[in-house]
There are 2 protein chains.
Amino acid sequence: MALPNTLRLHHSAGSPNSRRVRVFAAEKGLDLAFVSVDLGKGEQRSSEYRRINPRQRVPTLVLEDGTAIREVLAIWRYLEETHPSKPLLGTTPKEQALITMWERQVELEGFAPVMEGVRNSMTALKGRAIAGPYDYEQIPALVERSKLQVANFLSDLDARLEEVRFVAGDRFSAADITAFVTIDFAKAFAVSISEGQRALARWYKEVSGRPSFKA
Amino acid sequence: MALPNTLRLHHSAGSPNSRRVRVFAAEKGLDLAFVSVDLGKGEQRSSEYRRINPRQRVPTLVLEDGTAIREVLAIWRYLEETHPSKPLLGTTPKEQALITMWERQVELEGFAPVMEGVRNSMTALKGRAIAGPYDYEQIPALVERSKLQVANFLSDLDARLEEVRFVAGDRFSAADITAFVTIDFAKAFAVSISEGQRALARWYKEVSGRPSFKA
């Protein structure tokens, strides 16, 4: 389902939040126009980028009429509503709710702790512990806490995946995207799937075979 | 629009996340069956409650068929999809995306910092800095950082409300619910609207007049 290139995704190749959107779009076969934002050079803080995203974060989806949509969940919702085939956020109210619930749990208990650990430990992010327009100092105690949280997250996800094929049930969904991106992101943080976590390893192997995850 | 009392909301009167759902349901005129969870007595950690919510958090919506939906965003989505009149999450894809975006921003930059500040400072929550099945120690440095974040949030929200009537634009939405609950919650945290924040005060006064906020 090729689109005219009128949906522009401002993103960064190394940004895990950008990847959540790229994989989502690839699953749906959408052909977005990509605009790279160089985070290393601080382009997210440039006056040009701030005009489309005053929160100075990636990704941002810019529509044909110039409307700028920030935040992964908001971009996902737009893409799902406008391109409902190959649904990733559910089709019935119950399924929509359960996918929202599982995706949220993965974000709160996995993705956000990895992000917090990374942002509070990287020397390059000194004084920039939270992405956005304000400067906040790093808090070293958060780094150790994040590692505990991520270990608990992996253990809980392994238990969940002993019962179901995918994170939210029997269908691949946005919850799998966040979980997979989290686990890849956590590698940079020296936390990964343990040898005994066989359900998690089975799921990771299956999901990694999807072409969309090259995005 | 009275429902048969088959939707049960497990909640706590003092829980701001529970309030986000109560106000949402009241805006739609939905008649939920409320089941109180006494957080002070630790009922959220009882084996009975853990059967419906293994994450040990409130609120949880239990459907007629026994399906338990955790997480505010997931419960909202269910209620919106099954009772679309008086929409609070938008009706067109663009509006749905923009409400998701603003609600998310309010939660990330306002609600979550207030929660973090409260949980890391209350003596009663020593060793329980994060709600859920695991114990995490409080980190005192987070309390001061939270106060900075909330002050920045209020200042940014005031600027936003100089341009628009409601948080996400010209219609009342779920983004207003999270913003209002955040500001009431922040009072317990000794942070409130400053004298110069006139747009924010105008909005707060207008929203506080809605009967749903008694919920």
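List of remarks:
- Largest-first ordering by accessible area, 1.4 Å probe, given options B:Tyr134, A:Tyr49: B:Tyr134, A:Tyr49
- Accessible area expressed per residue, the protein assembly as shown, with surrounding protein chains retained (probe 1.4 Å, Å²): 43 Å²
- Largest to smallest accessible area among A:Phe185, B:Phe189 [probe 1.4 Å]: A:Phe185, B:Phe189
- Listed residues A:Ser36, A:Ser208 arranged by accessible area, highest first, probe 1.4 Å: A:Ser36, A:Ser208
- Shape of segment B:104-198, Cα gyration tensor, a/c cut at 1.5: prolate
- Residue-averaged beta-carbon neighbours from other chains (10 angstrom radius) around B:77-86: 4
- Shortest-first distances to equivalent copies, position A:Arg45, nm, label 7 Å out along Cβ: 4.2
- Calculated from backbone phi, Karplus (6.51, -1.76, 1.60) coupling profile of segment A:193-204 in Hz, x at Gly/Pro: 4, 7, 4, x, 8, 6, 5, 5, 5, 4, 5, 4
- Carbon plus sulfur fraction of accessible area for the protein assembly as shown, probe 1.4 Å, in percent: 53 percent
- Legend: mean number of C-beta atoms from other chains within 10 angstrom of residue C-beta atoms, peptide A:89-97, equals 5.
- Cross-link pairs beyond the 29 Å C-alpha cut-off, checked among B:Lys28/B:Lys147; A:Lys28/A:Lys94; A:Lys28/A:Lys126; A:Lys94/B:Lys126: B:Lys28/B:Lys147; A:Lys28/A:Lys126; A:Lys94/B:Lys126
- Taking θ as phi - 60° and the Karplus parameters 6.51, -1.76 and 1.60, the scalar couplings of segment B:83-95 work out to 9, x, 6, 6, x, 10, 10, x, 10, 9, x, 5, 5 Hz in sequence order, x denoting glycine and proline.
- When A and B come together, around 4100 square angstrom of accessible surface is lost from both chains combined, probe 1.4 Å.
- Area accessible to solvent at A:Asp31, 1.4 Å probe radius, in Å²: 70 Å²
- Spread of Cα-to-Cα distances over 5 Å intervals beginning at zero, given as percent, for segment B:53-144: 2, 12, 15, 17, 17, 15, 11, 7, 3, 0
- Beta bridges per DSSP, both residues in chain A: antiparallel share near 65 percent.
- Taking 18 Å as the straight-line reach from the Cα of A:Lys205, the lysines in range (excluding those fewer than 8 positions away in the same chain) are A:Lys187, A:Lys214.
- Solvent-accessible area of B:Trp102 with every protein chain in place, 1.4 Å probe, in Å² to the nearest 10: 40 Å²
- Beta bridge orientation in the protein assembly as shown: antiparallel %, DSSP, nearest 5: 65 percent
- For the protein assembly as shown: rounded, prolate or oblate by the Cα gyration tensor [a/c cutoff 1.5]: rounded
- Accessible-area value, B:Glu116, 1.4 Å probe, nucleic acids and ligands omitted, Å²: 40 Å²
- Semi-axis lengths (Å, descending) of the ellipsoid that matches the C-alpha gyration tensor of segment B:35-93: 27, 12, 9
- Global form of chain A, assessed from the alpha-carbon gyration tensor, a/c cut-off 1.5: oblate
- Averaging the sequence gap over all C-alpha pairs within less than 8 Å and six or more residues apart, then dividing by the number of residues, gives chain A a relative contact order of 20 percent.
- Couplings 3J(HN,Hα) for segment A:162-168, derived from phi with the Karplus relation 6.51 cos²θ - 1.76 cosθ + 1.60 (θ = phi - 60°), are 6, 9, 9, 6, 10, 4, 9 Hz, where x marks Gly and Pro.
The values are calculated or read from the model by the stated rules, or taken from the named source; none is laboratory data. As the structure is a prediction and not an experimental result, all values here were calculated from the model. Cβ atoms come from the backbone with ideal geometry, glycine included; neighbour counts cover every protein chain shown. Keep in mind that these areas ignore ligands, DNA and RNA; they rest on the heavy atoms of the full protein, side chains included. Shrake-Rupley method; radii C 1.70, N 1.55, O 1.52, S 1.80 Å.
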